[in-house]
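Working notes for the structure below.
The values are calculated or read from the model by the stated rules, or taken from the named source; none is laboratory data. Worth saying up front: this structure is predicted, and the values here are computed from it rather than measured. Here Cβ is always computed from backbone atoms with ideal geometry, including for glycine, and neighbour counts include all displayed protein chains. Accessible surface is based on the protein model in full, side chains and every heavy atom, while ligands, DNA and RNA are left aside. Shrake-Rupley method; radii C 1.70, N 1.55, O 1.52, S 1.80 Å.
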Amino acid sequence: MTTSLDPAARFVRAAVFDDIDRIYDAQQRRREAVRATDAAQRIAKLRRLHDALLARRDEIRQALWDDYRKPAAEVDLSEIYPAVGEARHAMRHLRSWMQPRPVATPLALLGSRSHIHYEPKGVVLIISPWNFPVNLTIGPLVSAIAAGNCAIVKPSEMTPHASACMKRILADLFDEDEVAVVEGDASVAEALLKKRFDHIFFTGSPNVGRIVMRAAAEHLTSVTLELGGKSPVIVDRSANLDEAAKKVAWGKFFNSGQICIAPDYVLVDESVHAPFVEKLQRSIDALGGDASRGVMVNERHAARVRRLVDMPAATDARAIPPTIVDGAAEDAPVMQKEIFGPVLPILPYRTLDDAVRIVAERETPLVLYLFSRDARVQREVLRRTRAGGTAINDTLLHFYQLNLPFGGAGNSGVGKGHGVFGFEAFSNARGVFEQPTRFSMIQLLYPPYTKFKQKLIDLTLKYF
């Protein structure tokens, strides 16, 4: 497609591709030195990153405001806090994560000992999205650094100010042969994906996730794919409706609904449907005006969301007010694909079986939300549904629980991140078996296979 570009644009693109080759080659040369770093050295790197994020808080806030008018408080809560929290958690626990992990010895291997040794994968690629550009770039990068890798970061071109801000910060902290940011459009991502990385961590849509996975397959590269989907909320008759309405409103309309784990639709018991909708509308009103929510990332995404509900264009083409679609049909356009915007369909259900059926008929969601005070209902929903994660009587907050794995299943993702799970994603779990003595029990079963040895084999099969 470069033939349609003017000479200056072709020159710039060629320079970016040259940069990719140069940085990739430099990181390949540096990988063994980075691999050899100990816990203290990696913690020192994470400390520098943590401190820089706090010191340059105003710069990050401004970048997100320039990209899509993200309020400062939301930048603090959803961009900076998760990133520094991930770094603090890794700094606290990295020494224990890096220790060999002993495993039990089965009776048949009596006398031996075994452990799991975590080693860096090498040179990794992180492709991050536009909806939380700092959070969803720095979080995986913390895990990659903790695990002892070199990393190339490709942030989204849709938030250019945030991408440029992260490039400045990371360039001040790391040599590019260890951590480098490469900016550009989809053609830059395609060029990166042609390289043989040791792991790819991608956050984005399922459609692009498939492209990443196909490219990774060419090199048999492992992947972590944090994708999305239609994350349901089930509100049963035992729920505290005031609490549920307030938390659903916050979880849905935070960041103008542009969150992969935002509630995508609500299934509410018909016996509490009317009061729940009334309380939900009041909770939305209490969130404040458009200035407290920001706008859609661009006009194209705003137009896509409007088309789902036949909403007319506004004076500000990127602004969409919080919208409830009460009584949405199961086959309505708004119920077919992830909304990724401030529109919330609500469907009343008659029995829990109906709610479970609606969830089961769709792709596995990244998260399922349940509001219920009935322990039996909680157990039943967990048993009969499938999701990457689940939050009971709250929304979004499971993302901040770094002792839990975060990620999808099936169409909503492959692999897990956060905390030790992110460290493991960027590590090779190397099994180490050691025989400390010259004799081992298995030698009794070496050929030639006599009748006596066959009896030992029979006993082994039966008891060991």
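So here's what we get for this one:
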{"read-out": "DSSP beta bridge pairing in the chain, given as percent antiparallel to the nearest 5", "value": "30 percent"}
{"read-out": "Helix 451-463 vs. the chain, principal-axis angle (Cα, 0 to 90°, nearest 10)", "value": "30 degrees"}
{"read-out": "Sequence-separation-based contact order of the range 205-306, relative, with Cα cut under 8 Å and 6+ spacing, percent", "value": "29 percent"}
{"read-out": "Kirkwood hydrodynamic radius of the range 116-188, from inverse mean 1/r over distinct Cα pairs, in Å", "value": "12.5 Å"}
{"read-out": "Sites matching trypsin sites (Lys or Arg not before Pro) across the range 136-223 that sit in DSSP coil, with at most 15 neighbouring C-beta atoms within 10 Å", "value": "Lys194, Arg196"}
{"read-out": "Value of relative contact order over the range 351-464, rounded to a whole percent, pairs C-alpha under 8 Å and six or more apart", "value": "19 percent"}
{"read-out": "Rule-of-thumb Rg ratio for the range 214-258 [Cα; 2.2 N^0.38 Å; N residues]", "value": "1.92"}
{"read-out": "Inter-centroid distance (Cα atoms) of the range 278-349 relative to the range 91-131, Å", "value": "43 Å"}
{"read-out": "Residue-wise HN-Hα coupling along the range 63-74, computed from phi with Karplus coefficients 6.51, -1.76, 1.60 (Hz; x: Gly, Pro)", "value": "4, 6, 5, 5, 6, 8, 6, 6, x, 4, 5, 5"}
{"read-out": "Loop-located chymotrypsin sites (Phe, Trp or Tyr not before Pro) in the range 380-456 whose Cβ has at most 10 other Cβ within 10 Å (DSSP)", "value": "Phe439"}
{"read-out": "Estimated [θ] at 222 nm from DSSP helical runs (n ≥ 4, -39500 (n - 2.57)) normalised by residues in the chain, nearest 500", "value": "-14000 deg cm²/dmol"}
{"read-out": "Integer Hz, Karplus 6.51/-1.76/1.60 couplings in order for the range 113-124, x for Gly and Pro", "value": "9, 9, 8, 9, 10, 8, 10, x, 6, x, 10, 10"}
{"read-out": "Solvent exposure, largest accessible area first (probe 1.4 Å, DNA, RNA and ligands not counted), of Glu434, Glu218", "value": "Glu218, Glu434"}
{"read-out": "From phi via Karplus (6.51, -1.76, 1.60), per-residue ³J(HN,Hα) for the range 44-53 in Hz, x at Gly/Pro", "value": "4, 5, 5, 4, 4, 5, 4, 5, 5, 4"}
{"read-out": "Met98 accessible area, 1.4 Å probe, all protein chains in place, Å² to nearest 10", "value": "50 Å²"}
{"read-out": "Residue-level accessible surface for Asp25, protein heavy atoms, 1.4 Å, Å²", "value": "70 Å²"}
{"read-out": "Partners for Lys337 among lysines (Cα-Cα distance below 30 Å; same-chain residues under 8 apart left out)", "value": "Lys70, Lys154, Lys194, Lys230, Lys246, Lys247, Lys252, Lys279, Lys416"}
{"read-out": "Net length gained if the chain between Arg88 and Arg35 were fully extended (0.36 nm per residue, minus Cα distance)", "value": "17.0 nm"}
{"read-out": "Normalised contact order of the chain, rounded percent, pairs of Cα under 8 Å and 6 or more residues apart", "value": "19 percent"}
{"read-out": "Per residue accessible area in Å² of the chain, where ligands, DNA and RNA are left out and the probe is 1.4 Å", "value": "47 Å²"}
{"read-out": "Proportion of all alpha-carbon pairs of the range 136-226 beyond 20 Å (%)", "value": "33 percent"}
{"read-out": "Probe 1.4 Å - accessible area at Ile116, Å² to nearest ten", "value": "40 Å²"}
{"read-out": "Exposure ranking of Lys451, Lys230 by accessible area [1.4 Å probe, largest first]", "value": "Lys451, Lys230"}
{"read-out": "Fraction of alpha-carbon pairs over 18 Å apart in the range 346-400 - percent", "value": "31 percent"}
{"read-out": "Longest to shortest principal axis, alpha-carbon extents of the chain, angstrom", "value": "84, 63, 43"}
{"read-out": "By accessible area with a 1.4 Å probe, ligands and nucleic acids excluded, highest first: order of Leu352, Leu404, Leu220", "value": "Leu220, Leu404, Leu352"}
{"read-out": "Cβ-based charge dipole, the chain, positive-most Cα from Gln99, Ile284, Ala387", "value": "Gln99"}
{"read-out": "With every protein chain in place, the range 92-223: carbon and sulfur % of accessible area (1.4 Å)", "value": "57 percent"}
{"read-out": "Rg over Rh [alpha-carbon atoms, Kirkwood Rh] for the range 283-436", "value": "1.06"}
